């Protein structure tokens, strides 16, 4: 097949623009062949572009011969351009169709396709992820990422309006941010370095200059867990605020969640309809439960945990049934939290750390930070971490480090809540986990 050049052909409308009010108007549209229905003398093409679907109707005896001949060669996922006249048609997407007078075929697709792009033939998630760009042709999948885009717009605008400045911190670091072994080593010239687990240390340092900062970016953890909510590469929304305590930044977080839910509900009606999901905008403030209260509730439901233990997934599922909404778990045992989380002044066994939950899933973790250098060094030692490895970070505490607090919010998990999707791999364009490194 000889392919056509785009030449002077330029789009005048998207699929979503085509409606009965354009009756008789000549338009030019671009897109991909989503579906073909051949009724002998009549052929229907469903063209899909980034805004949706559009019907192209070809009457064998009413359309120029060249268009008819080209239409007969089409297969799903060919990219094409159509110039034609809009005609009212109640059964067509948008209530109108295009009768073409010119067609250009820009590229072809290898047949058969590895996936049914209409979604009628179901495929397992790993099969779909192997051909991810085809999987993303489905409108439902595109809707997920349009919701994510809207959520990011809302996050950035909300925080910026509150005077929080967006920053970007290094992804190649010399030592662990969170401690532990969940690190990806990197050959950095003649030294070993690591991919950043979080921006924690850098965002703490930057409050010395800007007081309140946020960052949205990718981070990396060599997760041992292979579940529907864990990834090795993930996008985190992080905030750090000077002259603040845990309650101050919890307030920011719950107000942000409220704002984003409201924005997405109002601006993504079509996407939410495609996904069959309804967003309930949460009331603020969110409920606060202490770690001790959580242990009591679990004990009442026949799950016993010793003080200081982390909460396992089966226990979280019980909590999700008891609290089917957003809520905070506060006053965690100090030994259960990262070295930089501040112990309470009146009871050092408890920390000023918190987690934000949605039902049984942890969305965010944060708290007040230690701003006393000697105490921070003590906490590093208690967790078996070398103060020498954190020398550069500790040095900044000699420059007037103020009281401060912050949090990190997992974007993908939040998008799961916003869309109703149950598997985190569905809300990441190209997910990375223990077994997947391509595409």
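The values are calculated or read from the model by the stated rules, or taken from the named source; none is laboratory data. Bear in mind the structure is a predicted one, so any value in this text is a computation, not a measurement. Here the Cβ is made from the backbone with ideal geometry for all residues, glycine too, and neighbour counts use every protein chain on show.
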Filtering region 324-337 for residues that are within 25 Å of residue 284 (Cα to Cα) and either touching a strand residue (DSSP E or B) at 6+ places or on another chain (Cβ under 7 Å) or buried (at least 21 other Cβ atoms within 10 Å of the Cβ) (or both) leaves a count of 7
Somewhere in region 395-406, is a residue assigned to a helix (DSSP H, G or I) and either within 32 Å of the chain's Cα centre (by Cα) or closer than 27 Å to residue 230 by Cα (or both)? no
Residues being part of a loop (DSSP other than H, G, I, E, B) and out of contact with any helix residue (DSSP H, G or I) (no Cβ under 7 Å at 6 or more places or on another chain) - total across region 156-169: 4
Could you check, for region 189-208, whether at least one of its residues is in contact with a strand residue (DSSP E or B) (Cβ under 7 Å, 6 or more places away or on another chain), farther than 18 Å from residue 389 by Cα and not in a strand (DSSP E or B)? yes
Is it the case that region 27-40 has a residue that's over 40 Å from the mean Cα position of the chain (by Cα) and more than 29 Å from residue 140 (Cα to Cα)? yes
Examine region 145-153 for a residue that is in contact (Cβ under 8 Å) with a residue 12 or more places away in the chain, in a strand (DSSP E or B) and either under 17 Å from the mean Cα position of the chain (by Cα) or surrounded by 19 or more Cβ atoms within 10 Å (Cβ to Cβ) (or both), and state whether such a residue exists. no
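Condition (residue is surrounded by fewer than 21 Cβ atoms within 10 Å (Cβ to Cβ) and more than 30 Å from residue 141 (Cβ to Cβ)) applied to region 255-278: is it met by at least one residue?
yes
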Condition first: over 21 Å from residue 138 (Cα atoms) and assigned to a loop (DSSP other than H, G, I, E, B). Now tell me which residues in region 84-107 satisfy that. 89, 90
Residues to consider are 205, 200; find the one that is touching a helix residue (DSSP H, G or I) at 6+ places or on another chain (Cβ under 6 Å) and either assigned by TED's automatic domain parsing to the domain that holds residue 161 or within 18 Å of residue 437 (Cα to Cα) (or both). 205
Considering each residue of region 221-252, count those that are within 21 Å of residue 428 (Cβ to Cβ) and either more than 17 Å from the chain's Cα centre (by Cα) or modelled with pLDDT under 95 (or both), and give that number. 12
List the number of the failed condition for residue 84; all other conditions in (1) in contact with a strand residue (DSSP E or B) (Cβ under 8 Å, 6 or more places away or on another chain); (2) crowded, with 18+ Cβ neighbours inside 10 Å; (3) not assigned by TED's automatic domain parsing to the domain that holds residue 39 hold. (3)
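For region 229-248, how many residues are touching a helix residue (DSSP H, G or I) at 6+ places or on another chain (Cβ under 8 Å) and more than 24 Å from residue 152 (Cβ to Cβ)?
Summing the residues that are touching a helix residue (DSSP H, G or I) at 6+ places or on another chain (Cβ under 8 Å) and more than 24 Å from residue 152 (Cβ to Cβ) in region 229-248 gives 1.
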State all residues of region 360-393 that are at pLDDT 95 or above and surrounded by fewer than 17 Cβ atoms within 10 Å (Cβ to Cβ); if no residue qualifies, say none. 362, 372, 373, 374, 375, 378
